[in-house]
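Chemist: The following block contains the structure, expressed as structure tokens.
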Amino acid sequence: MVNEVTIVAIFVAIVVVGIVAILKLTKDKTRRVSHLRLFIQISAVFVIFMGLLIGPFNDPVWAPLGSSPRDRLIGGDLLGNQLPDGISLPVLACYMPNGRTITCPIFQIQASIFPFWDASIGYNVFYATSGLERLVIVFAALIFASLLLGRFFCGWLCPFGLYMDLLTRVRKVFKKRHLNVSPTTSKKLSQSRYIIIAVFLLLSVIFGSYSIFGTELILGTNPTAGHDVVHSGIITYINEPFCLVCPMRPLCIGVECLIGSMNWSYVSQIAYGPFWIAGFYITSINLSILIAITVLSLAYRRFWCRICPLGALTGFFSTFTPFKQIALTKLYKNEEKCTKCGVCKRVCPTQATAVYETKGGDVTESRCILCARCVETCPYETALELKFAGKTVMKSRNWL
Amino acid sequence: MESSLPLYVALKRRLGKGYDNTITKKGLIITATFVVSLCILWVVGGAQAQRVVSFTPDSPFSIPDCNATIHFAFNGSYSQAKLEDNTWVFSNLQVNSTRTWFFGDWRPINPSMVETFRVSAKSCNVTIISLFVSQGQDEQIVGNYNAFSQRMGSITYNVSGPGVQSVNFDLSPSFGQNPRIRDVFVMLDRDLTGRSDANQQSDGWSISSDGTLTVTGATTEANIMCRDYSSLLIDESLPFHENHSVLVVSLVLVAGTVVFGVIIRNNSLKERRTH
């Protein structure tokens, strides 16, 4: 434990030094924030998946298959059995990887539905609180994080966001220009996020209906029909429906296998039912979606962010009334300084348009991931400001 | 000079002013006899408590009324083994089992002590090839993952003859009564390597309210793994804010952020009116 503390302390020191160095040493004012954001995104990966720093590494007990994805849940160490899956924050921190501190809230929302009213075991973990209590905790954490930082999580901390930003940099290496979707398509993609999250949450409720209402809406979803409360019927296959299609899961599994934190033979063997359709870790569905998102993100910047259901939830709790009134992190536009040059609209990776179209004041919208690229590139002093709790954190500068 | 005197006289003198007239030769003899008796009892009793009986793979544990015999495939010992109601009840069973099956993988283990273990059979012969019972988090099995903190019992045995076998690892009292705190994994007549679907309850096995697992569907081998999570249940005697601290903290954070947000908003509205 002392060793782990030392490693974490060194890591924190490196991050602090790195941030200071970037702020001081980056001469190009239009790239300073971008460099800082990339550095923070990479640091966030290690914070979210703390096991990359402190293990477990090659746990011999699990040899020859390698570590199990749930061998060490550092977030569970912090929260105990009340919320053993880890701290809930609005980033796509898949619940699979070993040694993570933070867990995707969409998984936790789905997992909390079943079982709902009692404390019970889940997959290789025991929940000392009821699903209802965990649901309240997850939503409370989501609301807290959204009010505090809004989609700043998406722009600066989400590991999948980092993946897409790296794809953007790969495209730039080949000097290829990005594509844009039409404003209508952009709007429709944005609206589809809410439909996606609603559909999958509804599916979770349908599959978990026996747990909540005591009646099966779909046959085979009675968890008590099996040999214990978890492994039975259709629950075994689709108890977290969104996780079966989320592209973050195969990405996490793939990275874990690459770095030796998980053995591929373990992944391929741990499957319920036909592997490629309803496997436990990688399925044909989520792998196909990952490939599709990868290709699309090479062409269109931050493509997944435009349809991300987690972003939809975060955006809802930070940019929709009444949350919008009390959200603490906002993007402001000074109407008098704005010349409508359109630079902000051009550089926005998610094609958010409120920053350009809105006259002045709070221009934060649900599509905006608060990456501050517009603030960084706006050539007019204080035309755009990123504010936290009313205080300016970042403002546009005359770099012309 | 004093040392040459009889002991009781020396004692009399040593007591000095506190001299007690009741110390007599007779009293000393009685006291000495009592102390010696205690020592003998301690030696005999202690030896009795530490008495162990060793067994080998050739040692049969027969259940004549049920036409069954149980063997262990390894050496071991116990402090007591008795046949009660056609069930062998072992106390302080030291097993030299070197591996246990845990989710598709044989894990190496050190020899361990099982406090109480009950096993029974009917119309078959059982050979126990691995046995492991943990009373808490066992790092050699589950690593350092604290959410795995639970009691567990695991047994693998071969069986000859289509009979019935019963095992009880003596986990917590609620193990048999509350299905929500237990995870039971039973595989019958299957290849144990790799992860396989378990037999569902009522498909060759059942569990009673006292925690006894009864297997009816094994013809060659059986593997049973039980995990008891009752120790992780909330302690109802603790106050609410301790048992639900994460919930309380989450709600406080939300409330605090809302209040803070309202204050900031009001301040900015005031500033705008001023300007």
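Chemist: Give the residues of segment A:290-309 that are under 16 Å from the mean Cα position of the chain (by Cα), part of a helix (DSSP H, G or I) and under 13 Å from A:Val245 (Cβ atoms), sorted by residue number.
Modeler: A:Leu290, A:Ile293, A:Trp304, A:Ile307, A:Pro309
Chemist: Only one of these is at pLDDT 95 or above, away from every other protein chain (no Cβ under 14 Å) and within 27 Å of A:Val245 (Cβ to Cβ): A:Gln41, A:Gln110. Name it.
Modeler: A:Gln41
Chemist: Among the residues of segment A:97-130, which ones are in a loop (DSSP other than H, G, I, E, B) and among the aromatic types (Phe, Trp, Tyr)?
Modeler: A:Phe114, A:Phe116, A:Trp117, A:Tyr123 - these are the residues of segment A:97-130 that are in a loop (DSSP other than H, G, I, E, B) and among the aromatic types (Phe, Trp, Tyr).
Chemist: Related question: Would you call A:Lys175 at positive phi and not assigned by TED's automatic domain parsing to the domain that holds A:Ile369?
Modeler: Yes.
Chemist: Whether any residue in segment A:144-153 is more than 14 Å from every other protein chain (Cβ to nearest Cβ), touching a residue at least 60 places away in the same chain (Cβ under 8 Å) and not in a helix (DSSP H, G or I) is what I want to check.
Modeler: yes
Chemist: Looking only at residues in segment B:247-275 that are touching a helix residue (DSSP H, G or I) at 6+ places or on another chain (Cβ under 8 Å) and β-branched (Val, Ile, Thr), which one is farthest from A:Leu147 (Cα to Cα)?
Modeler: Here the answer is B:Val248.
Chemist: Is at least one residue of segment B:198-214 aromatic (Phe, Trp, Tyr) and either at pLDDT below 90 or crowded, with 18+ Cβ neighbours inside 10 Å (or both)?
Modeler: Checked against the condition, which is being aromatic (Phe, Trp, Tyr) and either at pLDDT below 90 or crowded, with 18+ Cβ neighbours inside 10 Å (or both), segment B:198-214 yields at least one hit.
Chemist: Considering only segment A:133-143, state which residues are under 16 Å from the mean Cα position of the chain (by Cα) and without any contact (Cβ under 8 Å) to a residue 40 or more places away in the chain.
Modeler: Matches in segment A:133-143: A:Phe139 only.
Chemist: Going by the conditions given, is A:Arg151 surrounded by 21 or more Cβ atoms within 10 Å (Cβ to Cβ), at pLDDT 95 or above and under 30 Å from A:Leu79 (Cβ atoms)?
Modeler: The answer is yes for A:Arg151.
Chemist: Can you pull out every residue in segment B:228-275 that is facing chain A (nearest Cβ under 8 Å) and either touching a Lys or Arg at 6+ places or on another chain (Cβ under 8 Å) or β-branched (Val, Ile, Thr) (or both)?
Modeler: B:Tyr229, B:Ile234, B:Val246, B:Val254, B:Thr257, B:Val258, B:Val262, B:Ile264
Chemist: Could you list all residues from segment B:81-111 that are within 20 Å of B:Ile70 (Cβ to Cβ), at pLDDT below 80 and either out of contact with any helix residue (DSSP H, G or I) (no Cβ under 9 Å at 6 or more places or on another chain) or not in a strand (DSSP E or B) (or both)?
Modeler: Listed by number, the residues that qualify are B:Ser97, B:Thr98, B:Arg99, B:Trp101, B:Pro111.
Chemist: Any chance you could count how many residues in segment A:312-364 are in a loop (DSSP other than H, G, I, E, B), touching a residue at least 24 places away in the same chain (Cβ under 8 Å) and of a type in the set (Val, Ile, Thr)?
Modeler: The number of residues fulfilling the criteria is 6.
The values are calculated or read from the model by the stated rules, or taken from the named source; none is laboratory data. This one's a predicted model, so the numbers in the text were calculated from it and none came from an experiment. Don't worry about glycine lacking a Cβ; one is built from the backbone with ideal geometry, like all the others, and counts go over all protein chains shown.
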